[in-house]
1. Based on the mean of other beta carbon atoms within 10 Å per residue, what is the order of 92-105, 141-154, most packed first?
2. Given 4 °C and 1.567 mPa s, compute D for the stretch 132-192 with the Stokes-Einstein relation, Rh being the Kirkwood radius over Cα pairs; round to the nearest whole µm²/s.
3. What accessible area per residue comes out for the chain, rounded to a whole number of Å², with a 1.4 Å probe?
4. Using helices alone, I'd like the mean residue ellipticity at 222 nm for the chain: each DSSP H run of four-plus residues gives -39500 (n - 2.57), total over residue count, nearest 500.
5. For the chain, with only Lys/Arg (+1) and Asp/Glu (-1) charged at the beta-carbon, what is the dipole magnitude about the Cα centre, in debye rounded to 20?
6. Answer rounded, prolate or oblate for the stretch 103-172, using the Cα gyration tensor with square roots of eigenvalues a ≥ b ≥ c: rounded when a/c is under 1.5, else prolate when a/b is larger than b/c, else oblate.
7. Please compute the net charge surrounding Pro138, taking Lys and Arg as +1 and Asp and Glu as -1 over other residues with Cβ under 15 Å from its Cβ.
8. With no solvent and one point on each alpha carbon, what is the Debye value of log10 I(q)/I(0) for the stretch 1-107 at q = 0.13 Å⁻¹?
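The values are calculated or read from the model by the stated rules, or taken from the named source; none is laboratory data. Keep in mind that this is a model prediction, so the values were computed, not measured. Ideal geometry is used to build each Cβ from the backbone, glycine not excepted, and the neighbour counts take in all protein chains shown. Keep in mind that these areas ignore ligands, DNA and RNA; they rest on the heavy atoms of the full protein, side chains included. Shrake-Rupley method; radii C 1.70, N 1.55, O 1.52, S 1.80 Å.
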Amino acid sequence: MPPDATDTKRRLLAAAFAEFAEHGLAGARIDRIAERSGANKRLIYLHFGNKEQLFDLIAGQAIETLTREVPFTAEDLPGYAAAMFDYLAARPELVRLEIWGLLERPAATMTEARAYQEKIAAVQAAQQSGVIGAALSPAGLLSLVLGLITSWFAAPPALTSQVTAEPCTPRQLALRRSEVVAAVQAISRPAG
(Lines give C-alpha, C1' and ligand atoms only; values in the text may rest on other atoms or scores of the structure.)
Protein backbone atom coordinates (compact mmCIF):
# COMPACT_ATOMS: atom_id res chain seq x y z
CA MET A 1 0.00 0.00 0.00
CA PRO A 2 1.50 3.43 -0.96
CA PRO A 3 2.11 6.05 1.76
CA ASP A 4 -0.66 8.55 2.48
CA ALA A 5 -0.02 11.73 0.43
CA THR A 6 -2.43 13.68 2.66
CA ASP A 7 -0.18 13.30 5.69
CA THR A 8 2.87 14.27 3.62
CA LYS A 9 1.08 17.37 2.32
CA ARG A 10 0.03 18.33 5.84
CA ARG A 11 3.63 18.03 7.08
CA LEU A 12 4.94 19.99 4.10
CA LEU A 13 2.41 22.80 4.65
CA ALA A 14 3.19 23.00 8.37
CA ALA A 15 6.92 23.12 7.63
CA ALA A 16 6.41 25.73 4.91
CA PHE A 17 4.32 27.90 7.24
CA ALA A 18 7.06 27.81 9.89
CA GLU A 19 9.79 28.49 7.32
CA PHE A 20 7.98 31.42 5.69
CA ALA A 21 6.99 32.96 9.02
CA GLU A 22 10.59 32.80 10.18
CA HIS A 23 12.45 33.75 7.00
CA GLY A 24 9.95 35.29 4.57
CA LEU A 25 9.69 34.36 0.93
CA ALA A 26 13.19 35.43 -0.11
CA GLY A 27 14.90 33.85 2.89
CA ALA A 28 12.92 30.62 2.93
CA ARG A 29 14.64 27.54 1.58
CA ILE A 30 12.91 24.58 -0.02
CA ASP A 31 15.65 22.33 1.41
CA ARG A 32 14.76 23.41 4.96
CA ILE A 33 11.04 22.91 4.32
CA ALA A 34 11.75 19.39 3.08
CA GLU A 35 14.02 18.69 6.05
CA ARG A 36 11.48 20.04 8.59
CA SER A 37 8.72 17.96 7.06
CA GLY A 38 10.75 14.79 6.64
CA ALA A 39 9.79 14.70 2.95
CA ASN A 40 11.64 14.83 -0.32
CA LYS A 41 11.92 18.38 -1.70
CA ARG A 42 10.77 17.14 -5.10
CA LEU A 43 7.36 16.52 -3.50
CA ILE A 44 7.05 20.23 -2.70
CA TYR A 45 7.26 21.13 -6.37
CA LEU A 46 5.03 18.23 -7.32
CA HIS A 47 2.24 19.14 -4.87
CA PHE A 48 2.54 22.93 -4.63
CA GLY A 49 4.55 24.35 -7.54
CA ASN A 50 7.33 26.87 -7.02
CA LYS A 51 8.24 28.72 -3.81
CA GLU A 52 6.10 31.77 -4.66
CA GLN A 53 3.05 29.59 -5.27
CA LEU A 54 3.66 27.80 -1.99
CA PHE A 55 3.97 31.10 -0.12
CA ASP A 56 0.71 32.36 -1.63
CA LEU A 57 -1.00 29.10 -0.65
CA ILE A 58 0.30 29.35 2.93
CA ALA A 59 -0.76 33.00 3.22
CA GLY A 60 -4.20 32.20 1.78
CA GLN A 61 -4.71 29.29 4.17
CA ALA A 62 -3.69 31.50 7.08
CA ILE A 63 -6.32 34.07 6.08
CA GLU A 64 -9.00 31.41 5.66
CA THR A 65 -8.17 29.88 9.05
CA LEU A 66 -8.14 33.27 10.74
CA THR A 67 -11.46 34.22 9.14
CA ARG A 68 -13.02 30.96 10.30
CA GLU A 69 -11.62 31.08 13.84
CA VAL A 70 -12.18 34.81 14.45
CA PRO A 71 -15.44 35.71 12.73
CA PHE A 72 -15.70 39.33 11.62
CA THR A 73 -18.43 41.27 13.38
CA ALA A 74 -18.86 44.74 11.90
CA GLU A 75 -21.62 45.46 14.40
CA ASP A 76 -19.16 44.93 17.28
CA LEU A 77 -15.78 46.13 16.06
CA PRO A 78 -14.37 46.46 19.61
CA GLY A 79 -15.33 42.83 20.31
CA TYR A 80 -13.78 41.76 17.03
CA ALA A 81 -10.62 43.71 17.90
CA ALA A 82 -10.40 41.95 21.27
CA ALA A 83 -10.87 38.51 19.74
CA MET A 84 -8.37 39.20 16.96
CA PHE A 85 -5.83 40.64 19.43
CA ASP A 86 -6.09 37.49 21.55
CA TYR A 87 -5.76 35.25 18.50
CA LEU A 88 -2.64 37.04 17.27
CA ALA A 89 -1.11 37.22 20.75
CA ALA A 90 -1.29 33.42 20.86
CA ARG A 91 0.08 33.13 17.29
CA PRO A 92 2.79 35.77 16.70
CA GLU A 93 4.00 33.86 13.66
CA LEU A 94 0.86 35.04 11.82
CA VAL A 95 1.89 38.67 12.26
CA ARG A 96 5.38 37.86 10.97
CA LEU A 97 3.91 36.04 7.96
CA GLU A 98 1.69 39.05 7.21
CA ILE A 99 4.64 41.45 7.42
CA TRP A 100 6.69 39.25 5.10
CA GLY A 101 3.76 39.17 2.70
CA LEU A 102 3.46 42.95 2.72
CA LEU A 103 7.16 43.30 2.00
CA GLU A 104 7.60 40.55 -0.56
CA ARG A 105 4.19 39.92 -2.14
CA PRO A 106 2.47 43.33 -2.22
CA ALA A 107 -0.11 42.34 -4.85
CA ALA A 108 -3.32 40.97 -3.35
CA THR A 109 -4.27 37.36 -3.95
CA MET A 110 -7.85 36.40 -4.77
CA THR A 111 -8.26 35.00 -1.24
CA GLU A 112 -7.10 38.25 0.34
CA ALA A 113 -9.21 40.41 -1.94
CA ARG A 114 -12.34 38.37 -1.26
CA ALA A 115 -11.77 38.44 2.52
CA TYR A 116 -11.42 42.22 2.55
CA GLN A 117 -14.31 42.84 0.15
CA GLU A 118 -16.63 40.91 2.46
CA LYS A 119 -15.44 42.84 5.52
CA ILE A 120 -15.76 46.21 3.77
CA ALA A 121 -19.31 45.33 2.68
CA ALA A 122 -20.19 44.36 6.27
CA VAL A 123 -18.74 47.62 7.62
CA GLN A 124 -20.69 49.60 5.04
CA ALA A 125 -23.93 47.83 5.98
CA ALA A 126 -23.31 48.47 9.70
CA GLN A 127 -22.59 52.12 8.96
CA GLN A 128 -25.76 52.48 6.87
CA SER A 129 -27.84 50.96 9.66
CA GLY A 130 -26.28 53.37 12.18
CA VAL A 131 -24.74 50.65 14.35
CA ILE A 132 -21.25 52.05 13.84
CA GLY A 133 -20.02 55.49 12.87
CA ALA A 134 -19.92 56.60 9.26
CA ALA A 135 -17.37 59.42 9.59
CA LEU A 136 -14.77 57.26 7.83
CA SER A 137 -15.08 55.28 4.63
CA PRO A 138 -15.75 51.56 5.18
CA ALA A 139 -12.28 50.66 3.85
CA GLY A 140 -10.67 53.43 5.90
CA LEU A 141 -12.37 52.31 9.10
CA LEU A 142 -11.45 48.67 8.48
CA SER A 143 -7.84 49.63 7.75
CA LEU A 144 -7.58 51.60 10.98
CA VAL A 145 -9.20 48.82 13.02
CA LEU A 146 -6.79 46.23 11.63
CA GLY A 147 -3.86 48.60 12.12
CA LEU A 148 -4.82 49.16 15.73
CA ILE A 149 -5.17 45.43 16.36
CA THR A 150 -1.68 44.70 15.06
CA SER A 151 -0.04 47.90 16.31
CA TRP A 152 1.66 46.43 19.38
CA PHE A 153 2.69 43.25 17.59
CA ALA A 154 4.45 45.19 14.85
CA ALA A 155 5.75 48.05 17.03
CA PRO A 156 9.49 48.69 16.89
CA PRO A 157 11.49 47.50 19.90
CA ALA A 158 12.61 51.09 20.55
CA LEU A 159 8.97 51.94 21.27
CA THR A 160 8.03 48.85 23.24
CA SER A 161 11.19 49.21 25.36
CA GLN A 162 9.81 52.58 26.51
CA VAL A 163 6.98 50.63 28.14
CA THR A 164 9.16 47.92 29.64
CA ALA A 165 12.66 46.57 29.25
CA GLU A 166 11.38 43.05 29.91
CA PRO A 167 9.42 40.75 27.61
CA CYS A 168 5.72 41.54 27.57
CA THR A 169 4.05 40.23 30.73
CA PRO A 170 0.43 39.03 30.82
CA ARG A 171 -0.50 42.24 32.65
CA GLN A 172 1.13 44.40 29.98
CA LEU A 173 -0.51 42.37 27.24
CA ALA A 174 -3.90 42.91 28.89
CA LEU A 175 -3.25 46.66 29.06
CA ARG A 176 -2.27 46.75 25.38
CA ARG A 177 -5.41 44.82 24.51
CA SER A 178 -7.64 47.22 26.47
CA GLU A 179 -5.99 50.20 24.74
CA VAL A 180 -6.63 48.66 21.32
CA VAL A 181 -10.26 47.92 22.18
CA ALA A 182 -10.78 51.48 23.53
CA ALA A 183 -9.25 52.98 20.38
CA VAL A 184 -11.45 50.84 18.12
CA GLN A 185 -14.48 51.83 20.18
CA ALA A 186 -13.59 55.50 19.79
CA ILE A 187 -13.20 55.42 16.02
CA SER A 188 -16.27 53.26 15.37
CA ARG A 189 -18.74 54.92 17.74
CA PRO A 190 -21.85 56.25 16.01
CA ALA A 191 -22.15 60.03 15.96
CA GLY A 192 -24.33 61.63 18.60
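1. 141-154, 92-105
2. Working: Rh = 12.8 Å.
Roughly 101 µm²/s, to the nearest whole number.
3. On the way: 10970 Å² over 192 residues.
Using a 1.4 Å probe on heavy atoms only, each residue of the chain averages 57 Å².
4. Numbers: 10 runs with 143 residues, N = 192.
Result for the chain: -24000 deg cm²/dmol, rounded to the nearest 500.
5. On the way: 19 positive and 20 negative charges, 42 e Å.
About 200 debye.
6. On the way: a/c = 3.17, a/b = 1.65, b/c = 1.92.
It comes out oblate by the Cα gyration axes.
7. Details: positive: Lys119; negative: Glu75, Glu118.
With Lys, Arg at +1 and Asp, Glu at -1, the net is -1.
8. -0.53
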